[in-house]
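Every number in this text was worked out from the coordinates using simple rules, so none of it is lab data. Model, not experiment: these values are computed from the prediction. Cβ placement follows ideal geometry from the backbone for every residue including glycine, while neighbour counts extend to all protein chains displayed.
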Amino acid sequence: MAQRFQLSHVMDFIIGDAQAERAVPPTGFTARLTLFAATVMAFLAVFALALSVSAGRLSERWSAELAQSATLRISAPVGQMQAQTDAAMRVLETTPGIASARLLTDDEQRALLEPWFGPDVPLESLPIPQLIEIVEADIGFDAEGLRLRLVAEAPGAVLDDHTRWRKPLAAAAARLWFLGWLSIVLIFAVMGAMITLAANAALAANAKVISVMRLVGALDSYIASAFVRRFTLRTITGAAIGMVLGVAVVLVLPAADSQGGFLSDLGFAGAGWLWPLVIPIAAGLVAFLATRSAANSTLKELR
């Protein structure tokens, strides 16, 4: 019975009352303003949502990639380089929590330096340190303990467990995630303000019609429901249009690229594409609350 009652109310809200809606202008400035504001704000909300979702996804990926690897850099005189490299490899092979360790080849080190020095880096004539790539096991390793062992057995070895990279990246991604959601809140706040202004203007412009309806016995709640319905449905329509346009633009953004950085991974993935569907629903809720508040307040003033 409760479900039937709720469904009946929803259907009445969608269908509306032709008599009550005579007080609501079907066209005009307020109708265009509501539709335009909802469309634009929903369009912007899609990008704010994409930014927030992408920042969260990127933070998880960066943290996972950095947490699974470390780098050992060996800087020593030419005569000691091989001995210290061998000593460092022996230490790494006997350290619990390290899955594997391998020396980077000259070609790999040249590729790392290429963005700064160009493709023809003369490694043989430069004092380039030897790099060792470390892959952690699931349990991880004791970085401080490993550093102490390296100081004793390979003094020229410097361990970089990527902590200094991990923390700033995680903090930056967290800030982007927060800014994305803050933008969404502000967007819906502006949408609510615009709808409130439009509803107030429509109510004021139809003050005479409202007075006549009151004379024939119409209650304020009856009149307000017509405004709430019309403005809520307009907002949902505009938000749906803006959401579709926003998703279409996100679809044509560059696809994720391992070398493309953050901007090439801006968008949704998997079930994340369902998130934009929330925008018209949220916009309708904002319109419902804003219009009902404006209608109740303005109708009191028109008495």
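Results, tabulated for the structure shown:
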quantity	calculated
Length released on extending from Lys208 to Arg73, taking residue separation times 0.36 nm less the Cα-Cα span	40.4 nm
Largest-first ellipsoid semi-axes for segment 76-155, taking √(5λ) over the Cα gyration tensor eigenvalues, angstrom	26, 16, 9
Förster radius 30 Å - calculated FRET efficiency between Leu215 and Phe29 (Cβ-Cβ, nearest 0.05)	0.65
Average projection area in nm² (convex hull over Cα atoms of segment 127-193, one quarter of hull surface)	7.9 nm²
In sequence order, calculated HN-Hα J values of segment 155-161 (Karplus, 6.51, -1.76, 1.60; Hz; x Gly/Pro)	x, x, 8, 10, 8, 10, 8
Gap separating the Cα centres of segment 155-194 and segment 220-249, nearest whole Å	33 Å
Whole-number percent relative contact order across segment 76-155, with pairs defined as alpha carbons under 8 Å at least 6 apart	45 percent
